[in-house]
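Accompanying notes for the structure given below.
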Number of protein chains: 2
Amino acid sequence: MSKLTDPKNLSKTELEAGTSFAPRFDANGLILAVVTDAESDAILMAAYMNEEALRLTFNTGFVHFFSRSRNSLWKKGESSGELLEFVEMRVDCDQDILQVRATQRGAGAACHTGRKTCFYRAVAMDDDGFSVKDLGIKPLFDPNERYK
Amino acid sequence: MSKLTDPKNLSKTELEAGTSFAPRFDANGLILAVVTDAESDAILMAAYMNEEALRLTFNTGFVHFFSRSRNSLWKKGESSGELLEFVEMRVDCDQDILQVRATQRGAGAACHTGRKTCFYRAVAMDDDGFSVKDLGIKPLFDPNERYK
């Protein structure tokens, strides 16, 4: 199994303009992955990957994460059926965030609330302060039924 | 100045389905903001906001961040002219990541490399291991000229 490049061994120019993939995992060995719909480009969700989740995403063709709350590897959709089929991974200029382009399987809900996307509310600010407003994106299934 | 809701005071249901905006800042008082093109939905960049940057984004109409490397407030595009005009903020289900929909001003480059987006490389995996491949997104200006 080939090793990943250690970003500490790269200059800023090599990190930003070279050909080495050197993901800058944080102190816990995690990197944020923002999942976007491969067709529409819309943001679906964001979660963390460790090195194993990253490799499994390439090797299985399905998006894997590392769950911080459960402290374990997490194949997205394993219990809900809402799998994310892996299309392409991109990395940002300083290699500390991943974009994962994917195709949603199952009912089409990346969010555990049953919605297509986790970003289903807009933040509003008025004289009374901040609030969130539902954008009207309807759940595609009842999460209480699906996850029981 | 109205206070933000403390997420510790909310139940999971209130956090995910209520009307309170309760951003879950990390131990350093920061929350990740993913900036997307308000028209195309494409990811442009991602950076951190503290509470002041979040408020200034609403109050000025231009996207502000907190720079971890410079340890200071950062009005995006202040030195480069590549301002991001604020359109809408969204928050994810558990309120630990923001999506900021914006319109790029200046030459149209959200990335300091002069490209429209920071996600200009795809990650490839083959028998020799991982590498990154430039997607061919051309810089809109020469960063060495612009930032001198």
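Pick from A:132, A:63, A:35: which residue has the top mean-square fluctuation in a GNM of chain A where Cα pairs under 10 Å get a spring?
Taking springs between Cα atoms under 10 Å, the residue moving most is A:132.
Taking a probe of 1.4 Å, how large is the accessible area per residue of region A:67-115, in Å²?
Per-residue accessible area for region A:67-115 comes out at 40 Å².
Check which residues have an amide H placed less than 5 Å from residue A:36's amide H, if you skip close sequence neighbours.
A:44, A:100, A:101, A:102
Compute, for chain A, the length of the dipole vector about the Cα centre, with Cβ point charges of +1 (Lys, Arg) and -1 (Asp, Glu) only. Units Debye, rounded to 20.
520
Given the options A:135, A:30, A:44, which has the most mean-square fluctuation in a GNM of chain A, springs set between C-alpha atoms less than 10 angstrom apart?
Residue with maximal mean-square fluctuation among A:135, A:30, A:44: A:135.
Among the listed pairs A:8/A:75; A:75/A:116; A:138/B:138; A:116/B:12; A:75/B:12, give every one whose C-alpha distance is greater than 27 Å.
The answer is A:8/A:75; A:138/B:138.
Beyond 22 Å, how much of the Cα-Cα pair distribution for region B:26-148 remains, as a whole percent?
Taking all Cα-Cα pairs of region B:26-148, the fraction more than 22 Å apart is 38 percent.
Run the accessible area of region A:18-148 with a 1.4 Å probe and give the carbon-and-sulfur part as a rounded percent.
The C+S portion of the solvent-accessible surface of region A:18-148 is 45 percent.
Compute the relative contact order of chain A as a whole-number percentage, counting only Cα pairs closer than 8 Å that sit 6 or more residues apart in sequence.
19
How big is the equivalent ellipsoid of the protein assembly as shown along its three axes, where each semi-axis is √(5λ) from the Cα gyration tensor, reported in whole Å from largest to smallest?
Taking √(5λ) for each eigenvalue gives 28, 27, 17 Å, largest first.
Compute the label-point distances linking residue B:59 to its equivalents in the other copies; points lie 7 Å from Cα along Cα→Cβ; give nm, one decimal, shortest first.
Counterpart label points of residue B:59 in the remaining copies fall at 5.1 nm.
Taking the rotation axis that maps chain A onto chain B, which residue of A brings its Cβ closest to that axis, and at what distance in whole Å?
Nearest-to-axis residue on chain A, with distance in whole Å, is A:41, 2.
Mind telling me which of A:36, A:103, A:19 comes out most flexible in a GNM of chain A, alpha-carbon contacts under 10 Å?
A:19
The values are calculated or read from the model by the stated rules, or taken from the named source; none is laboratory data. Predicted model, so just to flag it, every value in this text is computed and none were measured. Cβ atoms come from the backbone with ideal geometry, glycine included; neighbour counts cover every protein chain shown. Heavy atoms of the whole protein, side chains included, go into the accessibility calculation; ligands, DNA and RNA do not. Shrake-Rupley method; radii C 1.70, N 1.55, O 1.52, S 1.80 Å.
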